[in-house]
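In what follows, a single structure is set out as structure tokens and then discussed.
The values are calculated or read from the model by the stated rules, or taken from the named source; none is laboratory data. A quick note: this is a predicted structure, and the numbers were derived from the prediction, not measured. Cβ coordinates were reconstructed from backbone atoms using ideal geometry, including for glycine residues, and neighbour counts include every protein chain displayed. To get the accessible areas, we keep the full protein, side chains included, count just its heavy atoms, and leave off ligands, DNA and RNA. Shrake-Rupley method; radii C 1.70, N 1.55, O 1.52, S 1.80 Å.
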Amino acid sequence: MEVLNLLLGVEFWIATVRIATPLIFGTIGELLCERAGVLNLGIEGIMTIGALVGWAAVYQGANLWMGVLLAAAVGCLFGGLHSVLTVYLGLSQHVTGIGITLLSANLAYFFYRVLLPNATTPPKIQPFQPLPLPLLSDLPLIGSIFRQTALTYLAFAIVLLVAYWLYRTPIGLAVRMVGENPQAAEAQGISVYAVRSGAVMVGSGLMGIAGAFLTLSAFDSFFINLINGRGWICIALVVFASWQPFKALLGALLFAGFDALQLRLQQEIGAAIPYQVFLMLPYVLSIIALTVMSRRSGYPKALMVPFRRGER
Amino acid sequence: MMLERRQQVPVWLALLAPFSAITFALVLCIPLIAWGETPVLQSYGMMMQGAIGSRFALSETLSRATPLMYTGLAVAVAFQTKLWNIGAEGQFYLGAIAATLVGTGWLPLPGWLLIPIVLLAGGMAGGLLLLLSAWLKIRIQVDEVVTTLLLNFIVLLLVSYLVEGSLKDPSALGWPQALPIIEAATLPKLLGRMHWGLPIAILCAIGVWVLNRQLILGYRMRAIGLNLQASRFAGIPVNGVIWLTALLSGGLAGMGGVSEVAGLKGYLSLDLSPGFGYTGIIVAMLAQLHPIGVVFAAVFVAAIYVGADAMSRAANLPTYLADVIVSMSLLCMLISILFTQYRWRWR
């Protein structure tokens, strides 16, 4: 009964949408990379450095949107590094991605400590305020779901945009083509290198925004281990979504719903079950989701296959 | 400009690769060091001094290298079979948990018997954890990268639960740490903070080398890594070999956890490993997955950590500098490996 009450409560739905936002950005970003045939394990670190750069810019007095923009730019930058190594040089995408994650996360922590050598409590910034949507937010019962911050609306818009872009534009076709059959794309006169690295850079920019959402909207400060595996969960969500944007949105919302429920149950049940069990649930859930979905998933055929011009 | 694959990688080039990678990484990190309060060259001097400048520094470096040898070997064994084990961190902690379960007193055995049992328990725990991911990979086609990564977080939360709950040391003044390992299960000390975990790690490296070069299983493992389809056609029992690889790789990482908890720290806590599992990937790549190379690469990486720690204290820089240098050298190493395998052709 209590669970039902929780599910019917408006706060639960607000929390679900809020928790889903960084996952939507991250999952769509990873999806773009993988549709172009490049696995980007740099996501965890790119989210971390996006979170830091966005927060640090605002902390130094920049506008909130400037922070988001800078986070996206840094994401693009590391995406560019990843694509130089994996697309142009054809290095192992697994190992390079882990390297990007380690490098960018540690750079973020390094600069955080350079910026604040002795801070015990992280300083706060003024984060994005909720922006009620006109008309929708006045609806009875569900109206308050539409009182999210601007970045959340942006996340939903990005899903629409990316879906349209992937399936209805020539560039989107080219992205899907280099992920499925780069040789055929090359024969069509498409530069596989350029399309792949473009997709990886745009995708990584979205990962940067995912991180910035956490420091500029969900929380109001940066701290060590802020991302805490959210990037890896996004990678699981891409598989869960069978590499399709709308399914990714659905997966992120579903996952966030479970997470929000878990947080509320934790408060309700309290000490009866150790809190670590609740904290484990998102990770366990991701593994279960992968197990259920993986057989049916139609992965991009050239995913993780490096392309070298003139080689078969 | 073209890349052309070399027929054979000359030994001198393979040996040169890690050195050039680390040198290049150190050069790339100059802008970060310039942030500190001492001149760059002097900083690097202090780093060298802090890593190998004294008996104490050397023993510190070697004791820091010990866990990296285990995780580096774990990653090397898995990667050469193209089993992407990114979960050495979790296997390391699960091994430490097993050591704590077995080695905190209820098993009243003499040391010569208890230490092997503790090592075996830790190895089994780590091996079984990776076996779960390998099983999911083979039977259900779930990507092992994601499952091993996610299991790291799950195991860490398990550790958090145990050190606050059933394994908590009541005499630790509320500090979340597990019961101490008893005297009989403790790996004897060698010099300074160095302990028997180090020679055991070197023995493991030699063991893996013998396995790779002299035994059929090792040959099969490498064959699968080179070409899965061809290995299957050649009649190699692919799934069985991958399962054994998983057991071995996870087992090595788990033994690393035992070595650290029963050799250095003496008790399990949440800060047992500052990312040894992830650094193991860097160690393995620097060694180009060669088991003997892992021993030297681990010492090299540990020297960077110990040296950079000393230097960043003196130059008033964040200690994350060491992590930045080491992860930078991973990316440089990947490029170096490319240069060893291919030659540039201008035309």
### B:Tyr267 vs. criteria surrounded by fewer than 24 Cβ atoms within 10 Å (Cβ to Cβ) and within 25 Å of B:Val118 (Cα to Cα)
yes
### Summary
Reported set for segment A:55-69 where residues are touching a residue at least 60 places away in the same chain (Cβ under 8 Å) and either farther than 12 Å from A:Phe128 by Cα or not small (Gly, Ala, Ser) (or both) is A:Trp55, A:Ala56, A:Val58, A:Tyr59, A:Leu64, A:Val68
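May I ask you to verify whether A:Leu69 is surrounded by fewer than 21 Cβ atoms within 10 Å (Cβ to Cβ) and at pLDDT 95 or above?
yes
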### Query
For B:Arg6, are the conditions met, namely being more than 14 Å from chain A (Cβ to nearest Cβ), over 30 Å from B:Ala121 (Cβ atoms), in contact with a Lys or Arg (Cβ under 7 Å, 6 or more places away or on another chain) and not aromatic (Phe, Trp, Tyr)?
yes
### Task
Residue by residue through segment B:309-332, note down the ones that are open to solvent by less than 10 Å² (accessible area, probe 1.4 Å) and either more than 18 Å from B:Pro31 (Cβ to Cβ) or over 19 Å from the mean Cα position of the chain (by Cα) (or both).
B:Met311, B:Ser312, B:Ala315, B:Leu321, B:Leu330
### Task
Look at B:Ser259 and say whether it is over 14 Å from B:Pro291 (Cβ atoms), surrounded by 21 or more Cβ atoms within 10 Å (Cβ to Cβ) and not acidic (Asp, Glu).
yes
### Task
Can you give me the number of residues within segment B:306-333 that are touching a helix residue (DSSP H, G or I) at 6+ places or on another chain (Cβ under 9 Å) and either more than 23 Å from B:Arg55 (Cα to Cα) or at the interface with chain A (Cβ under 7 Å from one of its Cβ atoms) (or both)?
15
### Task
Can you tell me which residue among A:Ile273, A:Ile287, A:Ile233, A:Ile269 is within 30 Å of A:Gly54 (Cα to Cα) and among the β-branched types (Val, Ile, Thr)?
A:Ile233
### Task
Looking for whichever is more than 7 Å from every other protein chain (Cβ to nearest Cβ), open to solvent by less than 10 Å² (accessible area, probe 1.4 Å) and in contact (Cβ under 8 Å) with a residue 12 or more places away in the chain here; the options are A:Gly90, A:Gly75. Which one fits?
A:Gly75
### Query
Checking A:Gly257 against (1) at pLDDT 85 or above; (2) at the interface with chain B (Cβ under 9 Å from one of its Cβ atoms); (3) over 25 Å from B:Trp135 (Cβ atoms), which test does it fail?
(2)
### Message
For segment B:141-184, give me the residue count where each residue is more than 18 Å from B:Val261 (Cα to Cα), open to solvent by less than 20 Å² (accessible area, probe 1.4 Å) and within 7 Å of chain A (Cβ to nearest Cβ).
### Response
6
## Note on the structure
Selection from segment A:157-194 of residues open to solvent by less than 50 Å² (accessible area, probe 1.4 Å), over 21 Å from A:Ser242 (Cα atoms) and touching a helix residue (DSSP H, G or I) at 6+ places or on another chain (Cβ under 6 Å) yields A:Ala185, A:Ile190, A:Val192, A:Tyr193
### Criterion violated by B:Leu26 - all others in (1) modelled with pLDDT of 90 or more; (2) in contact with a Lys or Arg (Cβ under 9 Å, 6 or more places away or on another chain); (3) in a helix (DSSP H, G or I) satisfied
(2)
## Note on the structure
Across segment A:255-290, the tally of residues that are more than 20 Å from B:Leu158 (Cβ to Cβ) and of a type in the set (S, T, N, Q) stands at 1
### Message
Can you pull out every residue in segment B:29-52 that is open to solvent by less than 80 Å² (accessible area, probe 1.4 Å), assigned to a helix (DSSP H, G or I) and among the aliphatic types (A, V, I, L, M)?
### Response
B:Ile30, B:Leu32, B:Ile33, B:Val40, B:Met46, B:Met47, B:Ala51
## Note on the structure
When restricted to B:Leu131, B:Leu107, B:Leu120, B:Leu136, the only residue among the aliphatic types (A, V, I, L, M), more than 14 Å from chain A (Cβ to nearest Cβ) and more than 25 Å from B:Tyr267 (Cα to Cα) is B:Leu131
### Query
Do we have any residue at all in segment A:247-267 that's over 27 Å from A:Pro127 (Cβ atoms) and surrounded by 17 or more Cβ atoms within 10 Å (Cβ to Cβ)?
yes
### Task
Kindly indicate whether any position in segment B:284-292 is of a type in the set (Val, Ile, Thr), out of contact with any strand residue (DSSP E or B) (no Cβ under 8 Å at 6 or more places or on another chain), buried (at least 21 other Cβ atoms within 10 Å of the Cβ) and in contact (Cβ under 8 Å) with a residue 24 or more places away in the chain.
no
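Looking for whichever is within 26 Å of A:Gly229 (Cα to Cα), surrounded by fewer than 24 Cβ atoms within 10 Å (Cβ to Cβ) and more than 21 Å from the chain's Cα centre (by Cα) here; the options are A:Leu131, A:Leu139, A:Leu115, A:Leu135. Which one fits?
A:Leu115
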### Message
Every residue in segment A:196-237 that is touching a residue at least 24 places away in the same chain (Cβ under 8 Å), of a type outside the set (Gly, Ala, Ser) and open to solvent by 30 Å² or more (accessible area, probe 1.4 Å), please.
### Response
A:Met201, A:Val202, A:Phe219, A:Asp220, A:Phe223, A:Ile224, A:Arg230
### Task
Return yes or no: is A:Phe240 within 14 Å of chain B (Cβ to nearest Cβ), modelled with pLDDT under 95, within 28 Å of A:Met293 (Cα to Cα) and open to solvent by 20 Å² or more (accessible area, probe 1.4 Å)?
yes
